[in-house]
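Below: the structure, in structure tokens.
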Amino acid sequence: MNNTNWNLDDIVKLDDFETLYKITEKQILDYANIFEKLNPNMTEQEFVDYTKFHEEVVENLHKLGSRPALMEAADQKDSLALKLKNQVKDLEIKFSEAVQPISLWLKGKEVQGKEVLDDDNAKRLFASTPDLEYVYNYSRMMGKYSLDEKSENIMTAKDANGVRVITDLRDMIETEFEYDFKPEGGERKIIKNNAEISSYAYSTNPAERKAAFEARFEQYEKNIDKFFVAYQAVVRDWNYEAKARGFESSIAVRNVANHVDDNSISTLIEVCSNNIGIFQDYFKFKAKEMGLQKLTRFDLYAPLGEVNEEYDYEKAIKLVDESFRGFSNAFADNAQKIIQENHIDSHPTDTKRGGAFCMTVTPVITPYVLLNYTGKMRDVSTLAHELGHGVHSLYANKNSISTQHATLPLAETASTLGEMILFEKILSETKDANTKKQLLSDKLADSYATVCRQNFIVKFEIAAHEAIQKGIEESELSQMWLDNIKEQFGDSVEVDGMFRYEWAYIPHIIHTPFYCYAYNFGELLSMALFAKYKQEGESFVPKIEAILAAGGSQDPKQVLANVGIDMGSADFWQGSFELIKAWQKELETL
Ligand SMILES: [Zn+2]
């Protein structure tokens with residue numbers, strides 16, 4: 001099997017695009033009539049009819065939106081794609097205007113000329129559509145945190161003219177940075193872009209790695225007072241709004257939006273912190289491998305070597321299929337469905353967008369996968385990851401379009417699982433000790449970056465939000481960061497004092513506070529499930545399948561509880577670290 005281009009006609013044929021557009025346009029006009037009929041005392045059947053109509057319109061819009069979006073992803077110069085995309089955008093605006101009053105009404109808000117939907121009737125009506133009940137209740141619960149219309153407008157304006165301007169200014173300062181790169185014994189040069197300076201962290205030359213960090217932190221140090229003013233403003237604004245909306249803590253704003261409870265997140269952070277020793281052991285091992293007494297923070301991402309094996313596409317597909325089949329035939333069959341129906345766009349071209357993704361259009365349409373396959377080991381992992389997303393969607397295709405997608409905490413379950421199954425298969429089949437060492441070392445370095453580092457960023461944010469509200473100086477905040485990373489590395493890594501300025505460099509803490517735990521949460525959750533599968537064997541497979549099939553139709557905590565897992569329990573999270581620990585142990589024996 002060579003390069004494949006996906007067949008997008010399964011979404012809607014280009015010849016039928018206009019007709020579908022017209023139908024949907026007319027349906028959107030019908031919302032006005034439907035809105036008339038909505039009232040708290042309507043029958044369950046009337047409500048079910050409304051949801052069916054609404055879901056159908058959403059499906060049509062998804063088809064209309066995804067056809068040009070996927071055309072464009074595969075060929076960014078496709079002018080027809082751009083034309084259709086703009087056309088659909090108009091329709092989407094009309095749609096959100098038409099739906100707006102209905103969704104406000106469903107949330108229990110005052111809407112002109114309407115009797116408010118009270119809690120009892122909301123409960124009665126939502127229960128009539130079991131698949132959508134959670135989604136409706138959730139959005140009604142979210143409504144609890146919204147303010148009256150006038151205050152909401154002020155909030156929007158305040159964000160646009162206030163805090164967003166501050167973060168823009170901060171980014172402008174950063175973009176103007178010129179990094180003075182002076183590696184000892186090497187050539188001095190001025191580097192203007194962030195990606196280039198970052199790439200030196202992976203250099204094989206220790207002097208270059210060190211020089212890259214020095215050049216970076218020199219800029220942040222010079223501007224640290226400005227970065228501090230910006231961060232302080234973001235934190236104050238975030239907490240002002242959190243209080244105004246009635247959230248219980250700074251992080252609760254993020255947790256509620258992420259469909260997770262505060263307790264599960266604090267357990268997660270605690271368990272991550274308790275397991276820091278695994279990564280410290282890895283860094284000690286790495287120092288030995290590099291012939292160093294001790295690793296410095298500059299050497300953290302230094303390469304130990306490279307896995308050079310190439311995988312042609314056909315071989316990769318076969319490998320992924322075999323590993324999936326070792327887990328479950330249904331899992332592998334779902335992936336095959338995507339392959340057989342020609343829903344993968346496999347190889348890069350000059351006009352194709354980069355990266356990889358999986359897109360689900362509607363429950364009845366098999367998902368689409370975009371890759372930029374070049375035959376590297378990493379590409380095979382990506383194939384398993386994206387097919388995993390597609391498999392997840394297919395397991396959940398009995399749900400409606402609004403609940404097929406898993407909620408954020410569970411969204412990476414099948415994708416990470418797919419990668420994990422593949423990784424373990426490749427590892428078990430690799431005989432060469434050096435390649436094995438490479439594979440494991442890369443895996444541990446990746447786990448450190450997605451699991452541990454993110455965890456400590458969030459820990460810092462929690463402390464920083466508290467301290468800034470009480471009043472704190474820049475030097476104290478920078479010290480807090482330095483203490484945080486020293487706790488993280490213990491005696492395994494030497495941390496230079498210049499890393500005190502590192503907090504100013506992390507974009508997430510300023511643009512999307514508390515976002516970082518989403519990375520370790522999703523990853524660890526899937527790993528913990530995989531660990532349970534390894535422990536319990538085949539009997540655990542149907543439980544994972546049940547989790548996947550639930551999609552986003554229930555609270556993630558409930559989805560896990562259905563198969564006997566408590567997301568708030570430290571034991572559950574610990575499982576994922578046992579897995580990482582086993583990799584680290586194996587690495588040490590090589
Ligand atoms: Zn993913």
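The values are calculated or read from the model by the stated rules, or taken from the named source; none is laboratory data. This is a predicted model, so every value here is computed, not measured. In this analysis, Cβ positions are derived from the backbone assuming ideal geometry, glycine residues included, and neighbour counts consider all displayed protein chains. The protein model used for the area step is the full one, side chains on, heavy atoms only, and it has no ligands, DNA or RNA in it. Shrake-Rupley method; radii C 1.70, N 1.55, O 1.52, S 1.80 Å.
Counting other Cβ atoms within 10 Å, which trypsin sites (Lys or Arg not before Pro) in region 64-119 have at most 16 and lie in a DSSP loop? Before the final figure, lay out each step's value.
Values: sites: 77, 83, 85, 89, 94, 107, 109, 114; in loops: 77, 107, 109, 114.
Answer in residue order: 77.
Bridging of residue 284 to lysines at a Cα separation below 20 Å is possible for 210, 294, 436, 437, 443, 486, 581, 585, once same-chain residues fewer than 8 apart are set aside.
Residue 89 to residue 120: FRET efficiency via 1/(1 + (r/R0)^6), r the Cβ-Cβ distance, R0 30 Å, to the nearest 0.05? Could the numbers behind the result be given before it?
Working: r = 39 Å, r/R0 = 1.31.
It comes out at approximately 0.15.
Per residue of the chain, the DSSP helices (runs of n ≥ 4 H) give a summed -39500 (n - 2.57) that works out to -21000 deg cm²/dmol at 222 nm. Annotation: extensible slack from residue 333 through residue 312 equals 5.4 nm (criterion: 0.36 nm per residue apart, minus Cα-Cα distance). The phi torsions of region 518-523, fed into the Karplus equation with coefficients 6.51, -1.76 and 1.60 and a -60° offset, translate into couplings of 4, 5, 6, 4, x, 4 Hz, rounded to whole numbers, with Gly and Pro shown as x.
Summing Lys, Arg as +1 and Asp, Glu as -1, what charge do residues with Cβ under 15 Å from the Cβ of residue 444 carry, residue 444 excluded? Could the numbers behind the result be given before it?
Numbers: positive: 284, 286, 288, 436, 437, 443, 453, 581, 585; negative: 281, 289, 299, 419, 424, 442, 446, 523, 578, 586, 588.
My count for the surroundings of residue 444 gives -2.
For residue 100 and residue 15, FRET efficiency with R0 = 45 Å and r from the beta-carbon atoms, rounded to 0.05? According to the calculation, E is roughly 0.85. Could you pull out which residues in region 370-384 have an amide N less than 17 Å from a spot 7 Å beyond the Cα of residue 325, following the Cα-Cβ vector? Output list for this probe position: 384.
Work out, step by step, the length gained on full extension between residue 535 and residue 558: first 0.36 nm times the residue separation, then minus their alpha carbon distance; give nm to one decimal. It would help to have the intermediate numbers written out before the result.
Details: separation 23, 0.36 × 23 = 8.28 nm, distance 2.24 nm.
Once the chain is fully extended between residue 535 and residue 558, it gains 6.0 nm.
Distance between the pseudo-spin-label points of residue 374 and residue 578 (7 Å out from Cα toward the beta carbon): 3.9 nm.
Work through the residues other than residue 175 whose Cβ is under 12 Å from its Cβ and net out their charges, Lys, Arg +1 and Asp, Glu -1.
Working: positive: 170, 192; negative: 168, 171, 174, 176, 178.
Once all neighbours under 12 Å are counted, the net charge is -3.
Here region 188-203 and region 62-140 have alpha carbon centers that stand 44 Å from each other. Computed from the Cβ-Cβ distance with R0 of 35 Å, the FRET efficiency linking residue 463 to residue 193 stands at 0.65.
Amide H contacts of residue 493 (H built 1.01 Å from N, in plane; Pro and chain starts excluded): no residue 5 or more places away or on another chain comes under 5 Å. Solvent-accessible area per residue in region 435-590 equals 36 Å², computed with a 1.4 angstrom probe and all protein chains kept. Of the trypsin sites (Lys or Arg not before Pro) found in region 403-461, those in coil by DSSP whose Cβ has at most 13 other Cβ atoms within 10 Å are 431. Solvent-accessible area assigned to carbon and sulfur over the chain amounts to 50 percent, based on a 1.4 Å probe.
Extension gain, residue 172 to residue 589: 0.36 nm times the residue separation minus the Cα-Cα distance gives 145.3 nm.
Partner lysines whose Cα lies under 19 Å from the Cα of residue 26, excluding those fewer than 8 positions away in the same chain, are identified as 37, 52, 63, 85, 89, 94.
Here region 441-478 is scanned for amide nitrogen atoms under 20 Å from the site 7 Å beyond the Cα of residue 236 along Cα-to-Cβ, giving 461-478. Amide H contacts of residue 366 (H built 1.01 Å from N, in plane; Pro and chain starts excluded): no residue 5 or more places away or on another chain comes under 5 Å.
Tell me which of 283, 293, 311 sits at the most positive position along the dipole axis of region 265-318, charges placed on C-beta atoms (Lys, Arg +1; Asp, Glu -1). The residue sitting farthest along the positive end of the dipole is 293.
Taking the Cα centre of the chain as origin and charging only Cβ (+1 Lys, Arg; -1 Asp, Glu), how large is the dipole, in debye to the nearest 20? Don't skip to the end; give the middle numbers.
Details: 66 positive and 95 negative charges, 79 e Å.
So the dipole magnitude of the chain works out to roughly 380 debye.
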